[in-house]
Structures are given as C-alpha cells and as structure tokens.
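J.: Sharing a structure below in structure tokens format, with a few things to ask.
FYI, it's all coordinate maths here, none of it is from the lab. It should be emphasised that the depicted structure is a prediction, and the values quoted were computed from it without experimental measurement. Every residue, glycine among them, receives a Cβ derived from its backbone with ideal geometry; neighbour counts consider all protein chains shown.
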Amino acid sequence: MTALTLTARPEDDARLRPMPWRRMAWVTWRQHRIALAGMVVVLGGLAVYLWRTGLGIRQAWAADVACRPANSAACGQIGLFLTRYVPTEVTAGILLTLAPALLGAFVGAPVLARELETGTFRYAWTQGFGRWRWALGKLVPLAIAVAAATGALSVLSWWFFQPFFADNFGTPLAPALFDLRGVVYAAWTLAAFAIGALAGMVIRRVVPAMAATLAAYFGLALLPGLWLRQHYLPPILTTSNTVPNFAWTISQWYTKGGKFAFAGVQKSGTNAGIEQYWCPNAPPSETLGQCLSQHGYTQWTAYQPVTRFWPFQWIEASWLVALSVLLVAATIWLVRRRAA
Amino acid sequence: MNIIETSVLGKRYGTTWALRECTLTIPARHVAALVGPNGAGKTTLLNLAVGLAEPSAGSVTVLGGHPAGSPAALDGIAFVAQDTPLYKNLSVAEMLHLTRNLNRLFDRDYAKARLAELGIPLKRQAGRLSGGQQAQLALTLALARRPRLLVLDEPVAMLDPIARHDFMATVLTAAADDGVSVVLSSHALAELERVADYLILMSRGRVQVVGEVDDLLASHRVLTGPAAEAGNYTERPVVHVRRAEAQAHLMVRATADDPVPPGWESHPVGLEELALAYLRESGAAALPGPSRARHARPSEVTR
C-alpha cells in the first residue's frame, strides 16, 4: 500500500448544522427512479387507453346529442351508446381502481422493506445525514410524486366519465365511481403509498410487505363506499315520490300513521309481498309510491344530493391526507426507534 | 478522550440479553479489537455504539461524550457492517456519489485514488465486484468520510488471506497516518496479534477482559511445571490451567518480576494464547479497577 493519506479533518463546529435536504434529492431519485419510471409507464399506458377510448365515446355522445328528431327510432339506436360503452367504462373503472393499490405496493412498500431485507439500512442509517431525516427525505418526495401523477390522471378520468354522467348514467356519488375522479383519487394513492411505506417498515421484507399493502389498501377502500361516505353529511329526508336528479339514494322506507311500516324495496327487497298486497297490479316503481300513498302510507327517502359531490370529495380527501400523514409519521417514528 | 464509553450498558432482544452490564472505555487513537465467540454480543455492542440499536439498560457515549446516534456521532463515525452491505445495483461511482451526498465530509479524491490503486473500476456495479473488492469499497467509502472513529464488524470474515491482508493494511495505514481510531470485531484471533493494541474480550453477553494489549501481555505469564503440583500454586490468580501429560501450563496474572516456584518456568504470553485462555474460562475476568476484578476459580482443562 502506498501512503495515500486523508486530508486533514476540518475543525468540528461546536454545533453541527443539519445537512441540507437537497442532498437527499439525488439519493432518492437514483434509488427509486426505476419505480418512478415504472409508474410513468403504467399510468401513461392507462392515460393512452382512457384518451383513445374516451375520444370514441365523446364522438358517439356528440352524435347522440345532435340527433334530430330526438325521439325517432334512428336516434334511439344511436342513443344506445351507453349500453355499447358500458364494458369499456367498467374496464376503465377497474384499471383506475387498481392503479393506487399497485403504486402503494410497488413504489411505497419497497422503500424501507428493501433496505431492511438486504441489510443496506446498516449503511444508510449510519451516514451523517441521520436516519429519520433520510427516511423523510425519501418518503415525502415519493409521496408527492405518486399523488401528482395520479392527480393528473384523475383529470383525464374526469373527462373520460363525463359523457356517461351527462347521459343519465347514474349519480356521480355512486361508490364505484366516486373515488376515481376529482381530488380523492390522488388522496387514495397517497394513502396507498403511506400504507406501503409503513408495511415495509413493519414487515421488513419486500414481497410480504407488498401483499400486505394490497390487502390493507383494498380493505380500507371498501369502507367509505359501504359505510362511511353516506354519513359525511346528514342525508336529506323527503316524502316526495321523486328525488332530485343524480341524487344518491341511501335508503327508503314507509310509515303509516307516524309509525314505521316497512323498508323500501330498494334496500331489502323482502317486502314485495306487502306491495303486492296493496298494489296487486304494481305499475313501474315511480308510481308505486303513489299507489301506496293512496293506502295511507308515506314514502320516506334519505338521499345525498349531487350538489354534495365536491364537499364529499374534500371531506374524503381531507381524512385520507390526514391518515397518510399519520402513517408516514408512524413509519418515521419506527425508523427512529427500531432496534437493529 | 474516550472514543467509546459505556456504563452498565445492556441490550435485550425479547427475553434474551445479548449484552449486559457492559462498562468499558476505549481510549482514542487505538486499534481496539473486540474478540469473542459467536453470540458473545460483539455485534450488539457495535450496533449500540454506532446508534443502530437503542440500549435496553445503561448508556453509551462516543467521541468524547456524544450520545451514540446523535448528529455529531453520526458525523464522526464511519461504520462498515458485517458482510459490507452495499447497494448492489449501483455502480462504484454512484456509491461514491451517494455517500458524498449523505455526509458532511467526503474526500472524493482520496476515494478515487484508492479505488484506482486497488484496481476497482468506477463503472462496475457494486454487486458484481468480488467479495474482497466489495469490502475494500465499503472501507474506502467509510474512510473517505474522514471519520474520527472507524467501526468494523467482522470485516475480514468473508475474505481470502490476500484480501484480508490488504484490507487490514488499509485500516492500519488510516490508523497510523491519519490518527483514525479503530474498533473492530473479529473471531480471527491470529489476525489481531499484528493489528490490535487494545483488547476487549467478550463472551455470553459480558465483557471479560479490557485493556491495552501491552499491559495485558505484561501482566500475564505462563508457568510450566510438574502437573502434580499445579494445584499448589496460589501466589497469583490463575486464569486457566492446561495439562499436557506430565506438565501443566498455568496462565497466571503475574509480571515477569513475580517469583516463580522452584521447578517451574515462567514464559511471556502471546495475545492469541491470552485470549484463548480467557475464552475457555468464561468465569475469569481482567477488568480495570480493583472493584471490578473478579477471579473465579478456574476449571481444569486436560489435553
């Protein structure tokens, strides 16, 4: 060995200033650029799919709107575009639903799990940058990246689904579609990423952490549609036989003389017998309520009006962001605390 | 200044104490060897010192009083973990850049010159280097941080003899020329004779022997004499008795000036011999300070 010597170590400051955050930027980029590139490819492919099929749907819709006379048989044929494109809509919905989960599993979960699985955390956590700052310097930029990418995609998804809603497809508040559009789409992705990061830190192995992320994410994603979202704001009650257009009907029931009689057919479907009894030649459902009211029943409907779409979007996005912040904070706390 | 100082330090994993009641000081500007069998607690002690693990009991400070894992400690200590973990998919040049970005100080010229000298190509992926080259790369990254303390956990365990020699030569150069304090763990006793000037001997989670190698060698002798009389020697504490046919070899805590019983011969001890004797007698201890010196009655080992 030759006499290769180190230059003298400069005098240590009395107080060490923390190292600047920008030093972590290259580290995070270099170590996660493949995951980010994968994300761009997958979301890019999805965007191309939405764009190409979306253009076709828009054309069909425009032809439908422009068709005169509107009630002619020919226009009726064109008007069936909805039925024609429902399979496309379902496919797009499934792909859009999967994307946040996959980002959580493939971008979020490996961040810490790979370090712990391969032992490189013993390198990373003993460098001068400091381990919790290192973890924060990785998680925050990556979280912003996945949220920004899916935020951009949600603009396209808004554009893609617009003709369906314009064509009386259903309420925008419907569980299957509500979280694929607007601000909540990015918020769900953020939550998936945070779940992945925490799962990686807790499980310490990449593949099990990815599996746990998918399971936890889908478990969480089912909650709002099934139980939570309808309670974001108190539902509106009406005794009218019709609810406003695009409203999300939560439940329906009948009372007689101020007392509960039976639940609406929409919810349980078990009381057809009662309706059959009172209205034996039961006409289409919009007049069923009228028929029953002639027998002294009052129809009650609880619904969320479509005007609450954006309030609900912000409510859901807020709690998801808060949850994500909590999960990331827990992850960093564990990084700080974890015994090697 | 003490480069590492622990006080009744303990670390428990579940219900098992990997390290307990560890009180020791390692002075600066030494090459300190941490010796002991597998499971003795060496890695645990090093992990506590570099801040990777949190103590379950007691405390550990480094670099003259900084808590382990504090910013000042991280800044001044370079750690090369067992099996030298590197990012296998990064190139050597990228590992340099990574380490540079993660540390306040990084002597890139030194690192490049050393890698050139070792014939390690900058463009090669770290995962495709040989085991010896990976160890040298990890050591180069550590030294280029200009640490005050270099901590090495079983650095040469996986290396062939030539790579071992080159690795230790680099460590010794850094220690001698640049005043870097070194703490390394090893169970390769033969290596240490050449390298270490401070010894910490551990077994079963406890520290058995701590001290300057020169002091330890000067305060131990091997007495050789008739096996039948081995039990009669009581002048000085006996660490270990080894019987070979008619003769017995007593490792005793004595200096060259201590009297030798008639019919017995006194020899100096080597570091490996001394370490082995203590490792075979897990009850024996040679710790600084009279209050902590414990002398269990040695068992007799017959060869």
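J.: Anyone know which of B:P121, B:P67, B:P262 comes out most mobile in the 10 Å Cα GNM of chain B?
T.: Residue with maximal mean-square fluctuation among B:P121, B:P67, B:P262: B:P262.
J.: Please label the shape of chain A as rounded, prolate or oblate, based on the square roots a ≥ b ≥ c of the eigenvalues of the alpha-carbon gyration tensor (a/c under 1.5 means rounded; beyond that, a/b larger than b/c means prolate, else oblate). Don't jump to the answer; show the numbers that get you there.
T.: Numbers: a/c = 3.48, a/b = 2.14, b/c = 1.62.
It is prolate, given that a/c is not under 1.5 and a/b is the larger ratio.
J.: Cut-off 10 angstrom, C-alpha nodes, Gaussian network model of chain A. Which of A:G258, A:G137, A:G108 fluctuates the most?
T.: Evaluated over chain A, the most mobile residue of the options is A:G258.
J.: Let me ask something additional. Starting from the 7 Å offset along Cα-to-Cβ, what nm value, one decimal, do you get for the label separation of A:W319 and B:A227?
T.: Computed distance between label sites A:W319 and B:A227 equals 8.2 nm.
J.: Still on this model: Just to confirm the number: angle between the C-alpha axis of helix A:22-66 and the first principal axis of chain A, 0 to 90 degrees, nearest 10?
T.: 20 degrees
J.: Rounded to the nearest 20 Debye, what is the dipole magnitude of chain B about its Cα centre when Lys and Arg each give +1 and Asp and Glu each give -1 at the C-beta?
T.: 1040 debye
J.: So what are the three principal axis dimensions of the protein assembly as shown from its Cα atoms, in whole Å, longest to shortest?
T.: Largest to smallest, the principal-axis extents are 126, 57, 47 Å.
J.: If you line up the long axis of helix A:285-294 against the longest principal axis of chain A, both from Cα atoms, how many degrees apart are they, to the nearest 10?
T.: 60 degrees
J.: Let me ask another. Using Cα-Cα distances under 8 Å and only pairs 6 or more residues apart, what relative contact order does segment B:191-269 have, in percent? Display every interim value, and only then the final one.
T.: Numbers: 126 pairs, mean separation 24.3, N = 79.
Reported as a whole number, the value is 31 percent.
J.: Something else: For B:I77, A:I203, A:I236, what's the fewest-to-most ordering of other Cβ within 10 Å of each Cβ? Walk me through the numbers on the way to the answer.
T.: On the way: B:I77 28, A:I203 20, A:I236 15.
Sorted ascending by nearby Cβ count, the order is A:I236, A:I203, B:I77.
J.: Quick one: 3J(HN,Hα) in Hz for segment B:248-260, Karplus 6.51/-1.76/1.60 with θ = phi - 60°, rounded, Gly and Pro as x.
T.: 10, 10, 9, 8, 10, 8, 8, 9, 5, 7, 5, x, 10
J.: To the nearest 10 degrees, how steeply does helix A:206-223 sit against the main Cα axis of chain A, on a 0 to 90 scale?
T.: The answer is roughly 30 degrees.
J.: Which value, in debye to the nearest 20, describes the size of the charge dipole of the protein assembly as shown about its Cα centre when Lys and Arg Cβ atoms bear +1, Asp and Glu Cβ atoms bear -1, and nothing else is charged? It would help to have the intermediate numbers written out before the result.
T.: Values: 58 positive and 43 negative charges, 348 e Å.
Here the size comes out at about 1680 debye.
J.: Still on this structure, I have one more. For chain B, what does -39500 (n - 2.57) per DSSP helix run (n ≥ 4), summed and divided by total residues, give at 222 nm, in deg cm²/dmol to the nearest 500?
T.: Working: 9 runs with 90 residues, N = 303.
When only DSSP H runs of four or more count, the value is -8500 deg cm²/dmol.
J.: In whole Hz, with x marking every Gly and Pro, tabulate ³J(HN,Hα) for segment A:224-229 from phi via Karplus 6.51 cos²θ - 1.76 cosθ + 1.60, θ = phi - 60°.
T.: My calculation for segment A:224-229 gives x, x, 7, 10, 8, 4 Hz in order.
J.: Amide H to amide H, which residues 5 or more places from B:G211 or on other chains are under 5 Å from it, using H placed in the peptide plane?
T.: Close amide H contacts, sequence-distant or interchain: B:L199.
J.: Translational diffusion coefficient of segment B:2-213 at 20 °C, 1.002 mPa s, Stokes-Einstein with Kirkwood Rh over Cα pairs, in µm²/s as a whole number.
T.: Values: Rh = 17.3 Å.
Approximately 124 µm²/s, per Stokes-Einstein.
J.: Can you list the residues, at least 5 places off or on another chain, whose amide H is less than 5 Å from the amide H of B:G51, using H built in the peptide plane?
T.: Amide H neighbours of B:G51: B:G69.
J.: Also, quick follow-up: Provide the per-residue ³J(HN,Hα) series for segment B:203-208, in order, calculated from phi with Karplus coefficients 6.51, -1.76, 1.60 and θ = phi - 60°, each as a whole number of Hz, with x at glycine and proline positions.
T.: Each residue's phi maps through the Karplus curve to give 8, 6, x, 10, 8, 9 Hz.
J.: Which whole-number percent gives the relative contact order of segment B:2-213, counting Cα pairs below 8 Å spaced six or more residues apart? Don't skip to the answer; put the middle values down first.
T.: Details: 430 pairs, mean separation 63.0, N = 212.
Once normalised by length, the contact order is 30 percent.
J.: For n ≥ 4 DSSP H runs only, could you compute -39500 (n - 2.57) per run for chain A, divide by its residues and tell me the 222 nm figure to the nearest 500? Intermediate values should be presented prior to the final figure.
T.: Values: 12 runs with 213 residues, N = 340.
Taken over chain A, the calculation gives -21000 deg cm²/dmol.
J.: With both bridge residues required to lie in the protein assembly as shown, what share of the DSSP beta bridges run antiparallel, to the nearest 5%?
T.: Working: 53 of 75 bridges.
Just about 70 percent of them are antiparallel.
J.: Rg and Dmax in Å for segment B:28-105, alpha carbons only: what are they?
T.: Final numbers for Rg and Dmax: 14.6, 41 Å.
J.: Then there is this: Just name one of B:Y110, B:T234, B:L189: the one whose Cα is farthest towards the positive end of the charge dipole of chain B (beta-carbon charges, Lys/Arg +1, Asp/Glu -1).
T.: Farthest towards the positive end: B:Y110.
J.: Which shape class applies to segment A:28-104: rounded if a/c is under 1.5, otherwise prolate when a/b exceeds b/c and oblate if not, where a ≥ b ≥ c are the square roots of the Cα gyration tensor eigenvalues? Before the final figure, lay out each step's value.
T.: On the way: a/c = 6.17, a/b = 3.34, b/c = 1.85.
It comes out prolate by the Cα gyration axes.
J.: Pairs of alpha-carbon atoms within less than 8 angstrom and 6+ residues apart define the contacts here; what relative contact order does chain A have, in percent? If you can, show how the numbers build up before the last one.
T.: Details: 401 pairs, mean separation 68.3, N = 340.
The normalised contact order for chain A reaches 20 percent.
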